[in-house]
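Data block below; observations after.
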């Protein structure tokens with residue numbers, strides 16, 4: 001059996017879970033998420049825990065087992081605690097600021113870049129070079145952080161760009177000088 005798939009998901013006391021056929025709705029203090037799961041996966045709720053089981057050991061069922069359990073666990077965590085991704089801007093003159101709900105990035109282009117967050121995602125700026133992406137849906141938070149990073153990914157020569165907090169960028173040596181040539 002899948003190590004991840006067989007672990008039960010503990011439901012906090014503030015979180016309410018409804019299972020209606022293949023649709024699971026999770027409601028908590030931060031909001032509500034719902035998702036359709038494969039009809040082949042059996043999702044049960046009992047004793048403050050959610051368990052996911054599969055009908056057979058076919059490769060498709062095995063992969064869906066762990067995936068379904070992870071998605072459910074992310075939904076429960078999202079509505080109770082939420083998710084946050086932190087991005088750092090590195091480079092001379094690189095900065096971020098909020099203008100209403102929009103994020104304005106100045107990252108070396110001739111004009112500032114505006115980033116408009118989708119519904120359910122909040123952006124915040126700490127200092128001038130840290131951007132926080134927050135929300136209850138882990139997929140949306142990760143996708144929004146990736147979209148912001150894509151504006152100016154870190155380059156390997158000087159390390160300038162937008163990177164995730166704690167991300168290391170492999171640095172390359174620059175060009176060799178023309179010493180001795182005329």
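Read-outs throughout are calculated quantities, based only on the coordinates presented, and are distinct from any laboratory measurement. Keep in mind that this is a model prediction, so the values were computed, not measured. Methodologically, a virtual Cβ is constructed for each residue, glycine included, from the backbone with ideal geometry; neighbour enumeration extends over all protein chains shown.
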Q | Residues 98, 144, 7, 41, sorted so that the one with the fewest Cβ neighbours within 10 Å comes first | A | 98, 7, 41, 144
Q: Estimate the FRET efficiency between residue 84 and residue 34 by the formula 1/(1 + (r/R0)^6), using the beta-carbon distance for r and 30 Å for R0, to the nearest 0.05.
A: 0.85
Q. Relative to the first principal axis of the alpha-carbon coordinates of the chain, what is the inclination of helix 138-151, with its axis defined by its Cα atoms, in degrees from 0 to 90 and to the nearest 10?
A. 10 degrees
Q.
Could you check the spin-label model distance between residue 110 and residue 146? Points 7 Å from the Cα along Cα→Cβ, value in nm.
A. 3.1 nm
Q) If contacts are Cα pairs under 8 angstrom and at least 6 residues apart, what is the relative contact order of the stretch 9-80 in percent? A) 34 percent
Q: Only Cα pairs under 8 Å and at least 6 apart count here; give the relative contact order of the chain as a rounded whole percent.
A: 17 percent
Q: For the stretch 135-180 and the stretch 60-112, write down the distance between their C-alpha centroids in whole Å.
A: 15 Å
(Q) Taking 2.2 N^0.38 Å as the expected size of a compact globular protein, what ratio does the Cα radius of gyration of the chain give against it, to two decimals? (A) 1.38
Q: Find the all-direction average of the projected area of the Cα convex hull for the stretch 9-80, expressing the result in square nanometres with one decimal place.
A: 4.3 nm²
Q. Mean separation of Cα pairs under 8 Å and 6+ residues apart, divided by the residue count of the stretch 83-164: what relative contact order is that in percent?
A. 36 percent
**Q.** On Cα atoms only, tilt of 59-80 relative to the major axis of the chain in degrees
**A.** 80 degrees
Q) How much length is gained on full extension from residue 44 to residue 16, taking 0.36 nm per residue of separation minus their Cα-Cα distance? A) 8.7 nm
Q | All-pairs alpha carbon distance profile, the stretch 78-182, 5 Å steps from 0, percent | A | 2, 12, 21, 21, 16, 10, 6, 4, 3, 2, 1, 1, 0, 0
